[in-house]
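*Asks:* Here's a structure for you.
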Amino acid sequence: TMENWLGELSLRNAIRQLGTREQNILYLRFFQGKTQTEVAKEIGISQAQVSRLEKNALRIMKNYLAG
């Protein structure tokens, strides 16, 4: 539907607001289903860093979508 299409477009634009590393973290977490620990090992940072970057990325997206 038009509403779904607009939602997807908005989400894509929100993701574009993020840096490459943050986009990669969200991809691995939400599309590949990996844990924060698995993501941390894959990209070579600590789990705590993954947690902070993920939280910040989601905040940026939320603020973008809130307009």
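The values are calculated or read from the model by the stated rules, or taken from the named source; none is laboratory data. Model, not experiment: these values are computed from the prediction. All Cβ positions, even for glycine, are placed from backbone atoms using ideal geometry, and neighbour counts span all protein chains on display.
*Asks:* Sort out for me the helices (runs of 4 or more DSSP H) sitting completely within the chain that have 1 or more residues that are within 9 Å of the chain's Cα centre (by Cα).
*Replies:* Result: 2-16, 20-26, 47-66.
*Asks:* Applying the selection to the stretch 7-38, what residues are exposed (fewer than 14 other Cβ atoms within 10 Å of the Cβ) and under 13 Å from residue 51 (Cβ atoms)?
*Replies:* 35, 37
*Asks:* So for the stretch 54-62 (the condition being charged (D, E, K, R) and surrounded by 14 or more Cβ atoms within 10 Å (Cβ to Cβ)), does at least one residue qualify?
*Replies:* yes
*Asks:* Which residue pairs have Cβ atoms closer than 6 Å, lie 6 or more positions apart in sequence or on different chains, and pair a first residue in the stretch 51-63 that is closer than 19 Å to residue 33 by Cα and hydrophobic (A, V, I, L, M, F, W, C) with a second residue that is modelled with pLDDT of 95 or more and in a helix (DSSP H, G or I)?
*Replies:* Partner pairs satisfying both residue conditions: 53/22; 53/25; 57/22; 57/26.
*Asks:* Filter the stretch 1-47 down to the residues that are within 15 Å of residue 66 (Cα to Cα) and in contact (Cβ under 8 Å) with a residue 40 or more places away in the chain and list them by number.
*Replies:* 10, 11, 13, 14, 15, 17
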